[in-house]
Amino acid sequence: MNERILAAGTPADSGSGIVLANFGRSALVQCAAEALHCGIRGRQLRVVCGDRVRWQRPAPGGAAAIQEVEPRTNVLERIDSRGQPEAIAANIQRLAVVIAPEPKPDWFILDRYLAGAQLKEIPALLILNKCDLDVSAMAADLMIYRRLNIACHEVIAKRTETLAALRASIQGGATMLVGQSGVGKSSLINALIPDAAAQTSTLSRDAEGRHTTTTARRYQLDERSSLIDAPGVRDFAPPAGYDRAAEHSFMEIRAAGARCKFNDCRHFDEPHCAVRAAVAAGLIHERRYESYRRLLRLFESFTEKRNR
Ligand SMILES: Nc1nc2c(ncn2[C@@H]2O[C@H](COP(=O)(O)OP(=O)(O)OP(=O)(O)O)[C@@H](O)[C@H]2O)c(=O)[nH]1
Ligand SMILES: [Mg+2]
Ligand SMILES: [Zn+2]
């Protein structure tokens, strides 16, 4: 927080704060009670939502610029089109993947978000929003995640009385809401934080005039807790980063994989593969196995490109 007490009308010349939103070469930084627009020093320095930063005014009364980013406890990353990791948000306590009956769920996106969290050891939970609509078609798929011990909160954003258990589970630290566009991430944040709309400056409207979120944005829930609203996605994949990342992304495949005959088994067509045996026996769900195969193929395609 801001070390200097601000005398009325005199802007402090340095301080620290948390990045609320990043706009490329500038960012909105929460410092004590005020949100400050800051530039970013140099060309190398990159900041993301949730970063703790120090800022300074190079000239007295001039524009503030972020000088350095404090070490991150973790960072959620996605893979870009060249296979490089791109940071989305930092210092996250938990990742909440929001799904809804409408838009129709893409379970592979859900699996890849869970994979991204698993790779960074960030605890994950599911939020099934829009339970005022017919959710019966989702029951079988949701059972897969319940069996993996991933909590799933069934809510209706517009009815705050449905949000009590969810609210209790996001106490302490930052919870990042991710998922397809239109599932209701921003609606949930507005319901959980009544003054979130007042904190908002990054909502934009698309061609049909709908509000849609364009950059990750952090909101204060209470003294100890915050929520990060993320833009909706058409696709998401975590970066590989290290050997066997695909296997490490799927907890049940990693567990079964320990019993494969070969240490370097990819669980594709190798003989005596315990993972394929578990899929055949119905112990690992086929769709999760397919998610694993797709992610492994994606990682391998980037490795092949690099080695070419
Ligand atoms: N029926 C119903 N509609 C909801 C509920 N929650 C949100 N909606 C509607 O779903 C639409 C999308 O909501 P948003 O909160 O903008 O969704 P989002 O996930 O933030 O979307 P992006 O910012 O594009 O990623 C809006 O028209 C909301 O009114 C709900 O619980 N039930
Ligand atoms: Mg939104
Ligand atoms: Zn195997």
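Just so it is clear, none of the values below were taken in a lab; they were calculated from the coordinates. Just so you know, these numbers come straight off a predicted model, no measurement behind them. Positions of Cβ are backbone-derived with ideal geometry, glycine not excepted, and every protein chain shown enters the neighbour counts.
For THR160 and LYS120, FRET efficiency with R0 = 25 Å and r from the beta-carbon atoms, rounded to 0.05? According to the calculation, E is roughly 0.20.
Assuming a ≥ b ≥ c are the square roots of the Cα gyration tensor eigenvalues, decide whether region 75-229 counts as rounded (a/c under 1.5), prolate (otherwise, with a/b larger than b/c) or oblate. Since a/c stays below 1.5, the shape of region 75-229 is classed as rounded. Within a straight-line Cα-Cα reach of under 26 Å, LYS185 can be paired with the following lysines, leaving aside sequence neighbours fewer than 8 residues apart in one chain: LYS104, LYS120, LYS130, LYS158. In the Gaussian network model of the chain, springs joining C-alpha atoms below 10 Å, which of ARG293, ARG43, ARG159 carries the largest mean-square fluctuation? Checking each option, the largest mean-square fluctuation is seen for ARG43. Is the shape of region 14-69 rounded, prolate or oblate, going by the alpha carbon gyration tensor and its root eigenvalues a ≥ b ≥ c, with a/c under 1.5 for rounded and a/b larger than b/c for prolate? It comes out oblate by the Cα gyration axes.
If each residue of separation counts as 0.36 nm, what is the full-extension length gain between THR214 and ASP13 once their alpha-carbon separation is subtracted? Don't skip to the end; give the middle numbers.
Values: separation 201, 0.36 × 201 = 72.36 nm, distance 3.05 nm.
Stretched out fully, the THR214 to ASP13 stretch lengthens by 69.3 nm.
Cβ crowding within 10 Å, taken as a proxy for footprinting-reagent exposure, orders ARG244, ARG224, ARG218 from fewest neighbours to most as ARG224, ARG244, ARG218.
Just to confirm the filter: which GluC sites (Glu not before Pro) across region 83-181 are DSSP coil and have at most 16 other Cβ within 10 angstrom of their Cβ?
Details: sites: GLU86, GLU121, GLU154, GLU161; in loops: GLU121.
For GluC sites (Glu not before Pro) across region 83-181 that sit outside H, G, I, E and B with at most 16 neighbouring Cβ atoms in 10 Å, the list reads GLU121.
Among 140-149, 28-37, 44-53, how do they line up by average Cβ neighbours within 10 Å per residue, starting with the highest? Please list the in-between numbers first.
Working: 140-149: 13.7, 28-37: 17.1, 44-53: 19.4.
Put in order of decreasing packing, that is 44-53, 28-37, 140-149.
Modelled label positions at ASP222 and ASP80, each set 7 Å beyond Cα in the direction of Cβ, lie 3.9 nm from each other. State the Cα centre-to-centre distance between region 107-178 and region 65-97 in whole Å. Taking the Cα centre of region 65-97 as reference, the centre of region 107-178 is 21 Å away.
Here the Gaussian network model covers the chain, with springs between Cα atoms less than 10 Å apart; of SER291, SER249, SER81, SER81 fluctuates the most.
Counting only residues at least eight positions apart within a chain, or on another chain, the aspartates and glutamates with an alpha carbon under 14 Å from that of LYS261 are ASP269, GLU270.
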